[in-house]
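The values are calculated or read from the model by the stated rules, or taken from the named source; none is laboratory data. Bear in mind the structure is a predicted one, so any value in this text is a computation, not a measurement. In this analysis, Cβ positions are derived from the backbone assuming ideal geometry, glycine residues included, and neighbour counts consider all displayed protein chains.
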Amino acid sequence: MLSNKNIIVTGSSSGIGLSITKALLKNKANVLGVSRRNPNFSHKNYYHIEFDLSNIENEYEKLSSYIKEKPISGLISNAGSGKLDSLENFSPKQISEFIKLNLNSHIIITRLLLPYFKTINNGFLIYIGSEASYKVGKYGSIYSACKFGLRGFVKSIRIETSLNNIKVTQINPGIVKTPFYNNLKISPGKEHDEFIEPNDISDVIIDVLKMRRGTVIDEINLTSQKQVVTFKRNE
């Protein structure tokens, strides 16, 4: 079902994005990975596009030229970063840059692909959100603002494209054991039932992509069995 389909994955070089990339390749898809760094692996069906998504509005045409070289079947919009802190500890520049990557990039890359998908009357859009899309916590004001905004955007696009045979899904994981938390004040718990693995998310995505034509999974929330958060010392 996925064989030879050209699928864009943003943030493909590590963590969730890398796991998604490997799962798609295992299912014989071709992956166009968009990230700042080339991942530490190679595959004959993996094509890396070195690109800073936080600067996408200034290099829109550059990314467009890459994508036009291949017929695209779908997008898995995953790229993002995390920073949890009091609002006053963000400079205006940091706020702007954070929103550019965690919200604007998802919207703009969708803007790039949507006219094509509408023309061919086909395609899929999968967005990796967060439990912060529907639940807020301390020090998460900017992060939650982006994730709540993404969820609203996805719900609207889902309605807008429903007559164009475009499937739209958002996946909202809880705390995932990835390098995402390396520079944050919190980290996943240590036991296997206290965090989500990246493979849990990629497995769900493969299931979503194998749903029959005409059926869409709008949204999926994933959490660990025990929702444990560890606060790091000296933070």
query: Just for region 192-235: of the residues that are in contact with a helix residue (DSSP H, G or I) (Cβ under 7 Å, 6 or more places away or on another chain) and more than 22 Å from residue 21 (Cα to Cα), which one is modelled with the lowest pLDDT?
result: 228
message: Condition first: farther than 14 Å from residue 6 by Cα and either in a strand (DSSP E or B) or β-branched (Val, Ile, Thr) (or both). Now tell me which residues in region 116-125 satisfy that.
response: 119, 120
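Of the residues 100, 135, only one is free of Cβ contacts under 8 Å to residues at least 24 places away in the same chain, surrounded by 13 or more Cβ atoms within 10 Å (Cβ to Cβ) and within 24 Å of residue 173 (Cβ to Cβ); which? Let's see the steps before the verdict.
Numbers: 100 fails: free of Cβ contacts under 8 Å to residues at least 24 places away in the same chain.
Selected residue: 135, the only one of 100, 135 that is free of Cβ contacts under 8 Å to residues at least 24 places away in the same chain, surrounded by 13 or more Cβ atoms within 10 Å (Cβ to Cβ) and within 24 Å of residue 173 (Cβ to Cβ).
With over 30 Å from residue 137 (Cα atoms), crowded, with 18+ Cβ neighbours inside 10 Å, of a type in the set (Phe, Trp, Tyr) and out of contact with any Cys (no Cβ under 9 Å at 6 or more places or on another chain) as the only criterion, which of 60, 46 stands out? Please lay out each step first, then the result.
On the way: 60 fails: crowded, with 18+ Cβ neighbours inside 10 Å.
Checking each option against the conditions leaves just 46.
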task: Just name the residue that is surrounded by the most Cβ atoms within 10 Å (Cβ to Cβ) out of those in region 22-43 that are in contact with a strand residue (DSSP E or B) (Cβ under 8 Å, 6 or more places away or on another chain) and not in a loop (DSSP other than H, G, I, E, B).
output: 34
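From 120, 76, 157, grab the single residue that is within 21 Å of residue 220 (Cβ to Cβ) and surrounded by fewer than 21 Cβ atoms within 10 Å (Cβ to Cβ).
Details: 120 fails: within 21 Å of residue 220 (Cβ to Cβ); 76 fails: surrounded by fewer than 21 Cβ atoms within 10 Å (Cβ to Cβ).
Result: 157 is the single residue among 120, 76, 157 that is within 21 Å of residue 220 (Cβ to Cβ) and surrounded by fewer than 21 Cβ atoms within 10 Å (Cβ to Cβ).
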statement: Filtering region 14-56 down to residues that are over 16 Å from the mean Cα position of the chain (by Cα) and among the hydroxyl-bearing types (Ser, Thr, Tyr) yields 42, 46, 47
- prompt: Which members of region 3-21 meet the condition of being surrounded by fewer than 15 Cβ atoms within 10 Å (Cβ to Cβ) and basic (Lys, Arg)?
  reply: none
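Would a scan of region 108-115 turn up a residue that is in a strand (DSSP E or B), buried (at least 17 other Cβ atoms within 10 Å of the Cβ), in contact (Cβ under 8 Å) with a residue 40 or more places away in the chain and not small (Gly, Ala, Ser)?
no
Take the residues in region 1-21 that are assigned to a loop (DSSP other than H, G, I, E, B) and free of Cβ contacts under 8 Å to residues at least 60 places away in the same chain, then tell me which one is farthest from residue 109 (Cα to Cα). Before you say what the answer is, go through the steps one by one.
Going residue by residue through region 1-21, those that are assigned to a loop (DSSP other than H, G, I, E, B) are 1-5, 11-14.
Among the residues that remain, those that are also free of Cβ contacts under 8 Å to residues at least 60 places away in the same chain are: 3-4, 13.
Values: 3: 24, 4: 22, 13: 18 Å.
Across region 1-21, the extreme among qualifying residues is 3.
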query: Pairs under 9 Å by beta carbon, first residue under 16 Å from residue 24 (Cβ atoms) and assigned to a helix (DSSP H, G or I) in region 179-205, partner at pLDDT below 70 and not hydrophobic (A, V, I, L, M, F, W, C), six or more apart or different chains?
result: 198/178
- prompt: Could you give every pair whose Cβ atoms fall below 8 Å, whose first residue belongs to region 47-63 and is over 18 Å from residue 81 (Cβ atoms), and whose second residue is in a helix (DSSP H, G or I) and at pLDDT below 90, counting only separations of at least 6 or pairs across chains?
  reply: 49/63; 49/66
query: For residue 63, are the conditions met, namely being part of a strand (DSSP E or B) and either out of contact with any helix residue (DSSP H, G or I) (no Cβ under 6 Å at 6 or more places or on another chain) or closer than 24 Å to residue 104 by Cβ (or both)?
result: no
- request: Could you look through region 57-82, keep only residues that are aliphatic (A, V, I, L, M) and within 15 Å of the chain's Cα centre (by Cα), and pick out the one that is modelled with the lowest pLDDT?
  value: 79
